[in-house]
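Remarks on the structure that follows.
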Amino acid sequence: MIHSLRFFLSSMKSHSHSHAHHRKTTLNASSILTAIGKAHEIPVFVGASQALFRPPMHAPTDIHGESGLDGTDLLPKPLVPANTTIPAIDAAAAALRAEAAGTAWVVATGSFTNAAALFLKYPHLVAHIKGLSLMGGAIGSGFTPAVMGNVNGVPRIGNWTQFAEFNVLADPEAAASIFTNKPLAAKTTLIPLDVTHLVLTTQEVRDLLLYGTDRDADAAAARAKAGPGKTTLRVMLVELLMFFAKTYSDVFGITEGPPLHDPIAVAAILTGAGDQHEIPFLDYDPSAATGGLGGQEVSERYDVTVETEGTYEEARLGARTGQITAKLLPPGVEGVRIPRSLDIPLFWKVLEECVSRADEANAVAL
């Protein structure tokens, strides 16, 4: 969503160990920026290669593949390599200090290592930022109507183990350092699997992303007119989204299309934008309130704790390492914001607008 009109990027994007080796995730970030026409505007910095206090974790390949972005042959070669002259957290600190107080957001969509390290080294930045948005964790227990799947007939909570979502499990101590920092927790939005599993890449969504809003009403006619997609970028994005569709169908029982994760954490920072690009999020339990997405209900806030006991291997064998617990706080008490839903049709509309602007940028660059 870099092409949203509401984003004024301060200058950096960092990648740490996550769904693939950090060298691969860094290369992937540079490649994606090239694909959307932003390679010369947004530098990439190399983040942490392992968790804060744990040995390196074997990068999984069953969801995103060996490269971390398998599923397409259309990823371009990066036009600009990653900047290796300065550590990522130092670059982030400099970028944040360059922005006015109370305006900049930090978004973490992989493990929370870089974000945690940033605020551990530069604690004064907690007061300086507007907020921190994290994609990770899972609540369970019917927090939302999302399908979460099961393990041997027992309802699951996480996606990497029965109890833990991968981004938190990869560095539970990093997650804990964020949630136990009360001033930082009060500025933190957490987007768990319970929310991302509501945002599915259905056939209708795939047609929107492939052909845009000017597509024919008849999707088959649109395909015949535009071929596999309106632009190479659009085809690439849908191929990436669909790569792990079978895994989500077989493991989680999500059959309409795979869920989208990271962009939801980006969309969450548009709260308060007050224009057509703001995507409303539901911050309270709809079963216990009367309002809708635009209502004035009292927002829920949570005290979030993380299970840090246990190794990665013990987690795979059934330990609850990386599991998060969210305790609802009394009204008015500051804590972590964990939305329960969002305006999903508007989200896809804004995302398609971003893709359209990327198409325009690429056309100008030709």
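The values are calculated or read from the model by the stated rules, or taken from the named source; none is laboratory data. Small disclaimer: the values here were computed from a predicted structure and weren't measured. A quick note on method: Cβ atoms are made from the backbone with ideal geometry, for glycine too, and the neighbour counts reach across all protein chains shown. Remember, those area values only see protein heavy atoms, side chains included, never the ligands or the DNA or RNA. Shrake-Rupley method; radii C 1.70, N 1.55, O 1.52, S 1.80 Å.
Do you know which of the residues in the stretch 174-193 that are polar (S, T, N, Q) and open to solvent by 20 Å² or more (accessible area, probe 1.4 Å) is nearest to Gly131 (Cα to Cα)? Talk me through it step by step, then tell me what you get.
Keep residues of the stretch 174-193 that are polar (S, T, N, Q), which gives 177, 180-181, 188-189.
Cutting the leftovers down to open to solvent by 20 Å² or more (accessible area, probe 1.4 Å) gives us 177, 180-181.
Values: Ser177: 16, Thr180: 16, Asn181: 13 Å.
The extreme case among them is Asn181.
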Can we say Thr201 is open to solvent by less than 20 Å² (accessible area, probe 1.4 Å) and modelled with pLDDT of 95 or more? yes
Among the residues listed as Thr196, Thr161, the single one being open to solvent by less than 30 Å² (accessible area, probe 1.4 Å) and in contact with a His (Cβ under 6 Å, 6 or more places away or on another chain): Thr196
Any residue at all in the stretch 132-143 that is assigned to a strand (DSSP E or B) and among the hydroxyl-bearing types (Ser, Thr, Tyr)? yes
Could you please tell me which pairs satisfy a Cβ distance under 8 Å, a separation of 6+ or placement on different chains, a first residue in the stretch 89-116 that is in contact (Cβ under 8 Å) with a residue 12 or more places away in the chain and open to solvent by less than 30 Å² (accessible area, probe 1.4 Å), and a second residue that is among the basic types (Lys, Arg) and in a loop (DSSP other than H, G, I, E, B)? Ala104/Lys130
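Can you say whether Ala319 is of a type in the set (A, V, I, L, M) and modelled with pLDDT under 95, as far as the supplied structure shows?
Details: of a type in the set (A, V, I, L, M): yes; modelled with pLDDT under 95: no.
Against the criterion (of a type in the set (A, V, I, L, M) and modelled with pLDDT under 95), Ala319 does not qualify.
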Number of the condition not met by Asp171 [criteria: (1) farther than 30 Å from Ala288 by Cα; (2) open to solvent by 30 Å² or more (accessible area, probe 1.4 Å)]: (2)
